[in-house]
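Engineer: Mind looking over this structure? Questions follow.
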Amino acid sequence: MSEPAELQRDRLTRVGADRRVTVRLVAPAARSVTVNFHPVGSVPLARNAQGVWEVVLGPLDPGLYEYGFNVDGFAAPDTGTATPKPQRQLNASLVLVPGSILDTRAVPHGDLRVVTRHSTALGLERQFLVWTPPGYGDASAPLPALVLYHGYGDTAWSWLLQGRAPQILDNLLAEGRIVPMIVVFAGTEADIPGAIPEEFPDATRRRDFYPPNAAAVDRELMQDILPHLEANYRVRTDAAGRAIAGLSQGGYQALVSGLGHLGRFGWLATFSGVSQATVPHDGIARALADPDRVNAVLRDFSITLGAQDTVTGEDARGLRQALDAAGIRYRYTEYPGLAHEMAVWRPSLIDFLQVIFRD
């Protein structure tokens with residue numbers, strides 16, 4: 001027999017009209033439950049007579065929030081929501097407080113296609129996602145294309161579900177703040193023998209994992225993804241019609257392909273990205289040694305960082321020092337009070353989208 005709807009609702013995490021979030025977890029046998037609600041922090045929950053643990057947070061600013069539970073020492077996502085955070089190891093959930101550009105608004109919407117195909121570069125069946133703007137069709141004029149990479153531990157769905165990229169694109173386009181474009185959400189992990197991220201300890205990951213993985217993902221982009229895009233979509237093939245960006249590990253991937261193949265991309269961004277400062281790369285080094293060409297090819301080179309970022313702060317500083325020494329032009333944006341987090345990467349994407357493809 002199913003429970004009454006009222007009882008089911010009383011067990012779910014919910015957002016009120018006052019922007020307060022009631023966080024709930026059903027755990028009758030638990031002795032202690034806390035929620036790590038970013039950026040609020042770790043907050044204890046209280047248990048009611050029905051075995052439901054609960055706490056009310058806020059009111060919170062509009063936006064998408066990440067949170068996860070600690071149940072007697074066990075890390076767990078929220079079983080009362082349909083919105084887990086897309087990760088390779090699931091341990092957190094997402095909740096949207098409405099009222100920002102992240103909302104699904106009553107505007108024309110783009111379409112999302114999941115592409116599953118054999119990667120000749122990797123020898124695997126691979127997936128990536130392609131967003132096309134409202135009104136796109138086979139007879140459309142060729143559109144520019146942006147390739148977006150996610151960060152370590154995440155998936156190709158991260159920019160969509162946590163980054164809210166489709167909503168951002170829809171809303172910016174409806175407001176006339178960006179030009180119509182095609183966006184590819186690609187996987188940052190190659191998952192080939194010798195480059196499985198979980199097989200590398202934290203202490204040696206940058207040295208031993210990043211280089212072979214970045215080389216493999218770069219091959220996939222050049223040999224599989226871009227050719228598929230050109231064969232199946234109306235896209236521009238000139239450098240000014242291509243952009244590449246990524247966050248954290250994906251920022252390194254953007255540097256590897258964007259600087260390693262000068263002339264293929266006219267727009268490049270690394271959001272809190274790993275760089276050659278901690279993970280040397282021959283292609284990046286060659287580009288840094290040819291500043292005139294980099295300045296001629298890249299119409300915009302964007303670097304962003306949270307001011308409190310202790311994960312990739314050294315990378316951003318090292319990259320900027322190398323660019324300054326070479327005389328390579330770039331834009332740098334620092335977000336005060338923020339660290340290595342989506343609160344940096346969403347506005348970084350919003351800014352970059354409004355700059356690219358403005359011929």
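The values are calculated or read from the model by the stated rules, or taken from the named source; none is laboratory data. This is a predicted model, so every value here is computed, not measured. So basically every Cβ, Gly included, is an ideal-geometry build from the backbone, and we count neighbours across all protein chains shown. What goes into the accessible areas is simple: the full protein's heavy atoms, side chains included, and nothing from ligands, DNA or RNA. Shrake-Rupley method; radii C 1.70, N 1.55, O 1.52, S 1.80 Å.
Engineer: Peptides 33-39, 185-191: what's the order by average Cβ count within 10 Å, highest mean first?
Structural biologist: Highest-to-lowest ranking by the protection proxy: 185-191, 33-39.
Engineer: In angstroms, what radius of gyration and Dmax does region 118-182 have, counting Cα atoms only?
Structural biologist: Over region 118-182's Cα set, Rg and Dmax evaluate to 14.0, 42 Å.
Engineer: Oh, and also: For an R0 of 45 angstrom, estimate the FRET efficiency from the Cβ-Cβ distance between Asn48 and Met222 and round to the nearest 0.05.
Structural biologist: It comes out at approximately 0.20.
Engineer: Looking at region 44-84, what % of the alpha carbon pairs are farther apart than 13 Å?
Structural biologist: 67
Engineer: Could you size up the charge dipole of region 233-359 around its Cα centre, putting +1 on the beta carbon of Lys and Arg and -1 on that of Asp and Glu, and report it in debye to the nearest 20?
Structural biologist: In total the dipole reaches around 460 debye.
Engineer: Once the principal axes of the Cα atoms of region 202-279 are found, what is the range along each, listed largest first in whole angstroms?
Structural biologist: 44, 20, 17
Engineer: Follow-up question, since we're still on this one. Quick one: net charge of Gly241's neighbours, Cβ under 14 Å, K/R +1, D/E -1?
Structural biologist: Local net charge: +2.
Engineer: Please give the residues of region 97-117, grouped as numeric ranges, whose backbone N is less than 16 Å from a label point set 7 Å along the Cα-to-Cβ vector of Ala231.
Structural biologist: Residues passing the 16 Å test: 115-117.
Engineer: Now, a different point. Ignoring everything except DSSP H segments at least 4 long, calculate the 222 nm mean residue ellipticity for the chain; use -39,500 (n - 2.57) per segment, divide by total residues, nearest 500.
Structural biologist: It lands at -7500 deg cm²/dmol.
Engineer: Using Cα centres only, tell me the gap between region 130-149 and region 314-335 in whole Å.
Structural biologist: Region 130-149 and region 314-335 have Cα centres spaced 31 Å from each other.
Engineer: Please work out the average accessible area per residue across the chain, using the 1.4 Å probe convention, and give it in Å².
Structural biologist: Here the per-residue accessible area is 43 Å².
Engineer: Averaging sequence separations of C-alpha pairs under 8 Å and six or more residues apart, then dividing by the length of region 1-137, give the relative contact order as a whole percent.
Structural biologist: After rounding, I find 18 percent.
Engineer: Counting each pair of different Cα atoms once, what's the Kirkwood radius of region 1-159 in Å, rounded to one decimal?
Structural biologist: After inverting the pairwise mean of 1/r, the radius is 18.6 Å.
Engineer: If I model region 188-326 as equal point scatterers sitting on the Cα atoms and use the Debye formula, what is log10 I(q)/I(0) at q = 0.09 Å⁻¹?
Structural biologist: Evaluating at q = 0.09 Å⁻¹ gives log10 I(q)/I(0) of -0.26.
Engineer: Net charge around Glu230, counting only other residues with Cβ within less than 11 Å of its Cβ (Lys, Arg = +1; Asp, Glu = -1)?
Structural biologist: +3
Engineer: Next question. Determine the shape class of region 73-206: with a ≥ b ≥ c the square roots of the Cα gyration tensor eigenvalues, call it rounded for a/c under 1.5, and otherwise prolate if a/b is greater than b/c, oblate otherwise.
Structural biologist: Here region 73-206 falls in the oblate category.
Engineer: If packing is taken as the average count of other Cβ atoms within 10 Å, what order do 341-352, 135-146, 290-301, 244-255 fall into, highest mean first?
Structural biologist: 244-255, 341-352, 290-301, 135-146
Engineer: I'd like to know which of Gln167, Ala75, Trp157 lies farthest towards the positive end of the charge dipole of the chain, counting +1 on Cβ of Lys and Arg and -1 on Cβ of Asp and Glu.
Structural biologist: Gln167
Engineer: With the Cα gyration tensor of the chain in hand, convert its eigenvalues to equivalent ellipsoid semi-axes via √(5λ) and list them largest first in whole Å.
Structural biologist: 37, 23, 20
Engineer: Okay, next question. Would you mind telling me the share, in percent, of accessible area of region 14-61 contributed by carbon and sulfur at probe 1.4 angstrom?
Structural biologist: C and S fraction of accessible area: 49 percent.
Engineer: OK, next. List the relative contact order of region 141-247 as a percent without decimals, with contacts defined as Cα pairs under 8 Å and 6+ residues apart.
Structural biologist: 43
Engineer: Give me the one-decimal nm value for the distance between modelled label points at Ala203 and Thr34, 7 Å along each residue's Cα-to-Cβ direction.
Structural biologist: 2.7
Engineer: Students often get this wrong: which residues of region 218-250 have the backbone nitrogen under 18 Å from the point 7 angstrom along Cα-to-C-beta of Ala326?
Structural biologist: 244-246
Engineer: Can I ask one more? Can you sort Arg24, Arg117 by solvent-accessible area, 1.4 Å probe, largest first?
Structural biologist: Sorted by accessible area, descending: Arg117, Arg24.
Engineer: Using alpha-carbon positions, what is the distance between the centroids of region 208-273 and region 10-53, in Å?
Structural biologist: 41
Engineer: Expressed as a rounded percentage, what relative contact order does the chain have, with Cα pairs under 8 Å and six or more residues apart?
Structural biologist: Value for the chain: 11 percent.
Engineer: Also: Cβ under 9 Å from Gly187's Cβ, Gly187 left aside: what net charge do those residues give with Lys, Arg +1 and Asp, Glu -1?
Structural biologist: Around Gly187, the surrounding residues sum to -2.
Engineer: Relative to the Cα centre, what is the charge dipole magnitude of the chain, using +1 at the beta carbon of each Lys and Arg, -1 at the beta carbon of each Asp and Glu, and rounding to the nearest 20 debye?
Structural biologist: Around 360 debye, computed over the chain.
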